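Peer 1: Can you keep this structure in mind? I'll have questions shortly.
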Amino acid sequence: MDLNKIVHELAEKGVNVRFVKEDMKFDGSNEGNSLQTLLFNILGSFAQFERDLIVEAKGA
């Protein structure tokens, strides 16, 4: 949810977010493109999962 908010706020300022390795670009106006919205949310979910694993490993 935070990731979507950040990208939307950046898009309002004319900034695009691009994942170079995956060759994907998000400009906050992808609401009409269901596949791009899905992929963006999946990437965000994996990033959150990876972060949680790192925090968990540091606490152990």
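Peer 1: If we scan the stretch 32-53, do we find a residue that is of a type outside the set (Phe, Trp, Tyr), open to solvent by 60 Å² or more (accessible area, probe 1.4 Å) and at pLDDT below 80?
Peer 2: Scanning the stretch 32-53, I find at least one residue that is of a type outside the set (Phe, Trp, Tyr), open to solvent by 60 Å² or more (accessible area, probe 1.4 Å) and at pLDDT below 80, so the answer is yes.
Peer 1: Next question, about the same structure. Going by what's in this entry, would Glu22 be described as outside any loop (DSSP other than H, G, I, E, B) and modelled with pLDDT under 80? Show your work before the answer.
Peer 2: Numbers: outside any loop (DSSP other than H, G, I, E, B): no; modelled with pLDDT under 80: yes.
Considered against the rule, which asks whether it is outside any loop (DSSP other than H, G, I, E, B) and modelled with pLDDT under 80, Glu22 comes out as no.
The values are calculated or read from the model by the stated rules, or taken from the named source; none is laboratory data. No experiment lies behind these values; they were computed from the predicted model shown. SASA here: full protein model, heavy atoms, side chains in, ligands and nucleic acids out. Shrake-Rupley method; radii C 1.70, N 1.55, O 1.52, S 1.80 Å.
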